[in-house]
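Comments concern the structure below.
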Amino acid sequence: MTPSWLRLLSIGALALLPQIVHAQYSWIDEKGARVFSDRPPPPGTPPGRILKAPRGLEPAPATAAAAGGPAEKPSTPGWIEREADYRKRAVKRAKEEVDALGADKAQAAACDAARAEQAQLNSGVRLVRIDKNGERNYVSDEERAQRQEKAKRALAQCP
């Protein structure tokens, strides 16, 4: 081959290259011919006949919703579904942390009350209880021992 033929051949190849590169869609039409285009295939084209589509615009899988039946979820979730799942998990995790924090606060309050009760019972001061009529009743030694045992059991569960 002479250099002029080589130049002419390379110019022709370069002239055809933009048409091939620009074609983003590829499908088989109703006559069985393969079609390349920068536009999507006609709406009646079955997804199984679409050979190539731009990234992110692949044809949706045929669902029962198109046939009037219940819609099926795609096998691999898209970024929207993954984001929704992430947000649900984040909300659930936040609720669990609040619940755990509330349980920790309740346990801390119970421990503080048990410590105060134990300190009061061990002080040696005579304890008075006021009944529903407003009368003073002194705490007996048996009741004091029972309350001390109860405070001791409560403090055994405290950190």
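All of the numbers you see were taken from the coordinates with simple rules; none came from a lab. The model shown is predicted, which means the values in this text are computed figures rather than measured ones. Don't worry about glycine lacking a Cβ; one is built from the backbone with ideal geometry, like all the others, and counts go over all protein chains shown.
Computed from label points 7 Å out along Cα-Cβ, the spacing between Val139 and Ala84 is 5.9 nm.
Under 5 Å between amide hydrogens, built in the peptide plane, is the criterion, and for Leu51 it picks out Ser26, Trp27, Ile28 among residues at least 5 positions away or on other chains.
In the structure shown, the pairs Lys31/Lys52; Lys132/Lys152; Lys105/Lys150 are assessed against 26 Å; a Cα-Cα span above that value is assigned to Lys132/Lys152.
Between Glu149 and Val125, take the C-beta separation as r, use R0 = 25 Å, and let me know the FRET efficiency to the nearest 0.05.
The calculated FRET efficiency here is 0.85.
Nearest 0.05, what FRET efficiency do Lys92 and Cys158 give at R0 = 35 Å with Cβ-Cβ as r?
On the way: r = 29 Å, r/R0 = 0.84.
After rounding to 0.05, the efficiency reads 0.75.
Residue order for Tyr25, Tyr138, fewest other beta carbons within 10 angstrom first, comes to Tyr138, Tyr25.
Its Cα centre serving as origin, the range 86-131 has a Cβ charge dipole (Lys and Arg +1, Asp and Glu -1) of approximately 420 debye.
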